[in-house]
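I have placed the structure first, in the form of structure tokens, so that the comments after it can refer back to it.
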Amino acid sequence: MKSKQILLLLLFISTSFYAQSTAPQLDKIKQQDLKDDLYELAGDAFRGRRGGELGEMRASVWVAQKAREAGLKPAGEDGTYFQFFNLKRSRVANSSAINLNGKKLDLWKEIWPTNLVDIALEGAIVWLDRMPESTVDLKGKIVALNIMPPTPMIPSWVSLWQYRYTASAIRQQGKELLSRDVAAIIFVADDKVESLISFTGFHFQEGNYGIEDNEVPNTDTAPIFLASKNLANTLSSQGAYLNTKLKVENFDYPSVNVVAKVDGTDPKLKEEYVLFSGHQDHDGVGPAVNGDPIWNGADDNASVTVAMLAIGAAWNIQPAKRSALFVWHGSEERGLLGSRYFVSHPTVELSSIVAVLNGDMIGRNAPDSAALLGVTEPHLNSSELVAITLAANKSIANFKIDTSWDAADHPENWYYRSDHLPYAQANVPAIFFTTLLHPDYHTPFDSPDKIDYVKLTKMTKWMYETGWRVAESAERPALTIKKK
């Protein structure tokens, strides 16, 4: 059965069987409250809320305080609203030195190490006009070449296009050259890469992040560099010589999940939870665009952060049969690290979570449309949860539902890029509410004045209504058995 047919069937089921319950405090979710909170959280004072940095910590304290004011109980560790965890970061140290023909290059402005290799290396540079034939001996050589477009080509409309184009090309071409036992690789930017090289290089400068056993070790034995197009003539000239000493530094620093709850009213069902999920972090201070270096993250993801506060306040006024759990995950932008940590170290039994309603970016784009992910195969993990969600939309918001981004072959891989994923991978019914990407995504222009607050209010009410229906249902949403 095709995705569209599945969606139509679920819509029929939802309107037939899940239309009876209505969240009782919908009128308590007010547009002005959402707007006031969002302007505060996504203002410059929190410095973009970068995971593991002071901005994220201050924002998390702000969220916890707002949750307390809304009447939510602490559900973190040690009787607090907080669950702290360590980020494990590895990066090329700023003390590293790269010299070309005896001249020290400006690290992170002229040349960017793209992988983590602790090494001292020097030697003549072999310029390659193209990817060499397999018969050419490159063992032990330092090679330089112009970067070539990846295959398949990254569509120019996808998010973070220059970075993904560059990273994909380096990954493909670097893998082939590393298999030839080269000593080092220098890729020279083409016009596409050079047009936004400081933005792309910023991602390489960050290094790698992990948590505990989720660290991804770097297995490369040779450094791979991205060089500005301005170095092409020097690198391709006869006698070009590289002398480099790269130092990799490793350190831990804290990030945090904020966890709160409202107890249920049913003596038995209150031991089960409907989990509302979002993340409060963003990208912090990055490369300035038009003079603005603060990446405020109003839509991503202050929109859901304040929506969850509003839902919590309404839920506290009139609790449902099941309990509600609110988890604002830290360091989502560093690789879903807060949600991965919570799933591995839940503050309630993981089996007691009946559904995860995750939101990420719910305040932009066309006023009458929204998207759901986790509704089509192979991402679908609970048809019953999807049916409840669609019924709630029909009752509350009546958005046109876009499921195209849920396709397994969608180039954004959007399903895999938000905090519902670790729960779904742990076989917890999970769904993802979003209004999708826009041109201000991961730029300093994702600011509070760009939010459609009428739409944000409707999205918030839809999530609340969905959670209420799950919390009041006699049975928990069943997992959908995957086809083999």
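The values are calculated or read from the model by the stated rules, or taken from the named source; none is laboratory data. Owing to the predicted nature of the structure, the values given are computational and were not obtained by experimental measurement. Every residue, glycine among them, receives a Cβ derived from its backbone with ideal geometry; neighbour counts consider all protein chains shown. With ligands, DNA and RNA removed, areas are computed over all heavy atoms of the protein, side chains included. Shrake-Rupley method; radii C 1.70, N 1.55, O 1.52, S 1.80 Å.
The rows are residues; the columns are (1) open to solvent by 10 Å² or more (accessible area, probe 1.4 Å); (2) under 19 Å from Val92 (Cα atoms); (3) outside any loop (DSSP other than H, G, I, E, B); (4) among the aliphatic types (A, V, I, L, M).
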site	(1), (2), (3), (4)
Pro155	yes, no, no, no
Arg164	yes, no, yes, no
Gln172	yes, no, yes, no
Leu177	no, no, yes, yes
Arg180	yes, no, no, no
Phe187	no, yes, yes, no
Thr200	no, yes, yes, no
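What number goes with the only condition from (1) open to solvent by 20 Å² or more (accessible area, probe 1.4 Å); (2) within 25 Å of Asp106 (Cβ to Cβ); (3) out of contact with any strand residue (DSSP E or B) (no Cβ under 8 Å at 6 or more places or on another chain) that Thr221 does not pass?
Condition (2) is where Thr221 drops out.
So is Ala430 closer than 17 Å to Gly359 by Cα, of a type in the set (Gly, Ala, Ser) and open to solvent by 10 Å² or more (accessible area, probe 1.4 Å) or not? If you could, list the steps in order and put the result at the bottom.
Values: closer than 17 Å to Gly359 by Cα: yes; of a type in the set (Gly, Ala, Ser): yes; open to solvent by 10 Å² or more (accessible area, probe 1.4 Å): no.
Considered against the rule, which asks whether it is closer than 17 Å to Gly359 by Cα, of a type in the set (Gly, Ala, Ser) and open to solvent by 10 Å² or more (accessible area, probe 1.4 Å), Ala430 comes out as no.
I'd like to verify a number: residues in the range 291-341 that are in contact (Cβ under 8 Å) with a residue 24 or more places away in the chain, outside any strand (DSSP E or B) and closer than 28 Å to Asn208 by Cα, how many? Steps first, answer last, please.
Going through the range 291-341, the residues in contact (Cβ under 8 Å) with a residue 24 or more places away in the chain turn out to be 292-341.
In the following step, the residues that additionally are outside any strand (DSSP E or B) were identified as 296-322, 330-341.
Next cut, closer than 28 Å to Asn208 by Cα only: 296-305, 330-341.
Residues in the range 291-341 being in contact (Cβ under 8 Å) with a residue 24 or more places away in the chain, outside any strand (DSSP E or B) and closer than 28 Å to Asn208 by Cα: 22 in total.
Being open to solvent by 20 Å² or more (accessible area, probe 1.4 Å) and hydrophobic (A, V, I, L, M, F, W, C) is the filter; apply it to the range 71-84 and report the residue that is nearest to Leu309 (Cα to Cα).
So, considering only residues that are open to solvent by 20 Å² or more (accessible area, probe 1.4 Å) and hydrophobic (A, V, I, L, M, F, W, C), the one nearest to Leu309 (Cα to Cα) is Phe82.
Looking at the range 350-375 only, could you name the residues that are in contact (Cβ under 8 Å) with a residue 40 or more places away in the chain, surrounded by fewer than 22 Cβ atoms within 10 Å (Cβ to Cβ) and more than 24 Å from Lys450 (Cα to Cα)?
If the condition is that a residue be in contact (Cβ under 8 Å) with a residue 40 or more places away in the chain, surrounded by fewer than 22 Cβ atoms within 10 Å (Cβ to Cβ) and more than 24 Å from Lys450 (Cα to Cα), then Leu350, Ser352 are the ones that fit.
Given the range 85-146, what strands (runs of 3 or more DSSP E) lie entirely inside it while holding 2 or more residues that are open to solvent by 70 Å² or more (accessible area, probe 1.4 Å)? Break it down stepwise before answering.
Values: elements: 97-100, 111-113, 119-128, 142-146.
Where strands (runs of 3 or more DSSP E) fall fully within the range 85-146 and carry at least 2 residues being open to solvent by 70 Å² or more (accessible area, probe 1.4 Å), they are 119-128.
Pull up the range 189-198, narrow it to residues that are among the hydrophobic types (A, V, I, L, M, F, W, C) and in a helix (DSSP H, G or I), then point me to the one that is nearest to Ser156 (Cα to Cα). Please lay out each step first, then the result.
Filtering the range 189-198 down to residues among the hydrophobic types (A, V, I, L, M, F, W, C) leaves 189, 193, 196-197.
Applying the additional criterion that residues be in a helix (DSSP H, G or I) yields 193, 197.
On the way: Val193: 12, Ile197: 16 Å.
Per the criteria, the residue is Val193.
State which residue is nearest to Arg171 (Cα to Cα) when the search covers only the range 114-133 and only residues that are in contact with a helix residue (DSSP H, G or I) (Cβ under 7 Å, 6 or more places away or on another chain) and at pLDDT 95 or above. Don't jump to the end; show me each part of the working.
The first filter runs over the range 114-133 and keeps only residues in contact with a helix residue (DSSP H, G or I) (Cβ under 7 Å, 6 or more places away or on another chain), leaving 114, 125, 127, 131.
With at pLDDT 95 or above added as a condition, the list becomes 114, 125, 127.
Working: Thr114: 10, Ile125: 21, Trp127: 19 Å.
Checked the range 114-133; the qualifying residue nearest to Arg171 (Cα to Cα) is Thr114.
Which residues, taken from the range 223-239, are among the polar types (S, T, N, Q) and not in a helix (DSSP H, G or I)?
Answer for the range 223-239, where residues must be among the polar types (S, T, N, Q) and not in a helix (DSSP H, G or I): Ser228, Ser237, Gln238.
Quick check on Pro444: is it open to solvent by less than 10 Å² (accessible area, probe 1.4 Å), in contact (Cβ under 8 Å) with a residue 40 or more places away in the chain and under 22 Å from the mean Cα position of the chain (by Cα)? Please lay out each step first, then the result.
Working: open to solvent by less than 10 Å² (accessible area, probe 1.4 Å): yes; in contact (Cβ under 8 Å) with a residue 40 or more places away in the chain: yes; under 22 Å from the mean Cα position of the chain (by Cα): yes.
So Pro444 fits the description; yes.
Just checking, how many residues over the range 283-308 are out of contact with any Ser or Thr (no Cβ under 6 Å at 6 or more places or on another chain) and under 15 Å from Val258 (Cα atoms)?
Total meeting the criteria: 6.
Conditions tested, residue by residue: (1) modelled with pLDDT of 95 or more; (2) under 24 Å from Ser60 (Cα atoms).
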| position | (1), (2) |
| --- | --- |
| Thr265 | yes, no |
| Gly284 | yes, yes |
| Gly291 | no, no |
| Ile294 | yes, yes |
| Gly297 | yes, yes |
| Ser303 | yes, yes |
| Ala307 | yes, yes |
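Condition first: farther than 24 Å from Tyr273 by Cα, open to solvent by less than 50 Å² (accessible area, probe 1.4 Å) and assigned to a helix (DSSP H, G or I). Now tell me which residues in the range 449-484 satisfy that.
Result: Tyr453, Lys455, Leu456.
Condition first: surrounded by 15 or more Cβ atoms within 10 Å (Cβ to Cβ) and in a helix (DSSP H, G or I). Now tell me which residues in the range 241-278 satisfy that.
Leu269, Lys270
What tally of residues in the range 365-403 results from selecting those that are among the acidic types (Asp, Glu) and at positive phi?
Taking the range 365-403 first, the residues among the acidic types (Asp, Glu) are 368, 377, 384, 402.
Restricting the remaining residues to those that are at positive phi gives none.
Of the residues in the range 365-403, 0 are among the acidic types (Asp, Glu) and at positive phi.
Hey, can you tell me all the residues within the range 376-389 that are surrounded by 24 or more Cβ atoms within 10 Å (Cβ to Cβ) and closer than 24 Å to Gly264 by Cα?
Ser382, Leu385, Val386, Ile388, Thr389
Trp405 is checked against (1) out of contact with any helix residue (DSSP H, G or I) (no Cβ under 7 Å at 6 or more places or on another chain); (2) in a helix (DSSP H, G or I); (3) open to solvent by 20 Å² or more (accessible area, probe 1.4 Å); (4) not small (Gly, Ala, Ser) and fails just one. What number does that condition carry?
(1)
Name every residue in the range 29-65 that is touching a strand residue (DSSP E or B) at 6+ places or on another chain (Cβ under 7 Å) and either open to solvent by 70 Å² or more (accessible area, probe 1.4 Å) or among the aromatic types (Phe, Trp, Tyr) (or both), in order of residue number. Before you say what the answer is, go through the steps one by one.
Residues of the range 29-65 touching a strand residue (DSSP E or B) at 6+ places or on another chain (Cβ under 7 Å): 44, 47-53, 55-57, 60, 63-64.
Answer for the range 29-65, where residues must be touching a strand residue (DSSP E or B) at 6+ places or on another chain (Cβ under 7 Å) and either open to solvent by 70 Å² or more (accessible area, probe 1.4 Å) or among the aromatic types (Phe, Trp, Tyr) (or both): Asp44, Arg47, Glu53.
For Asn243, state whether it is on the phi < 0 side of the Ramachandran plot, more than 29 Å from the chain's Cα centre (by Cα) and free of Cβ contacts under 8 Å to residues at least 40 places away in the same chain.
no
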